[in-house]
1. When both residues are 6+ apart or on different chains and their Cβ atoms are under 7 Å apart, which pairs have a first residue that lies in segment 94-113 and is under 12 Å from residue 69 (Cβ atoms), and a second that is of a type in the set (D, E, K, R) and part of a strand (DSSP E or B)?
2. Scan 113, 93, 102 and give me the residue that is over 13 Å from the mean Cα position of the chain (by Cα), among the small types (Gly, Ala, Ser) and at pLDDT 90 or above.
3. With respect to residue 63, determine if the residue is surrounded by 15 or more Cβ atoms within 10 Å (Cβ to Cβ), modelled with pLDDT of 75 or more and part of a helix (DSSP H, G or I).
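The values are calculated or read from the model by the stated rules, or taken from the named source; none is laboratory data. Because the structure is predicted, anything quoted here is derived from the model rather than measured. Cβ atoms come from the backbone with ideal geometry, glycine included; neighbour counts cover every protein chain shown.
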Amino acid sequence: MEIVSSLRLTSTCDTFLWLAREFTGYVCADARQLGVRDESIDLIVALGLFWGVTSDQSGKHDSWLTVLHECRRVLRRNQSMFVSNSAVRESVAVFRALCNDAGFQEDRLVEDAVGATDPRYLMVLR
């Protein structure tokens, strides 16, 4: 394996896409319907994913729940999904309830209060 000594990437998303292409298989698809077999994915990293999930007539949370159900469907048993709210700013309590409804259990929570009105967190789900 060749080690890259100099690499310029424009964002964190670019970094993850580069890593996925170089070292693993990856899927680029509609998060509501990934088009892969049940329990076929070892890890899901969803940083900023829910910012891009548009609300439909049923509302934002129903759309998020659809995505969470799809992630639960494709994730292998006892594997992890990393979720960050850095772009969405939804409360931990609301997002935790949605994750539970989709069949996830919270494994770990890291909170970073930038300010009282701007809480951020990273949640690890199984």
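1. 99/106
2. Of the residues listed, the single one that is over 13 Å from the mean Cα position of the chain (by Cα), among the small types (Gly, Ala, Ser) and at pLDDT 90 or above is 102.
3. The answer is yes for residue 63.
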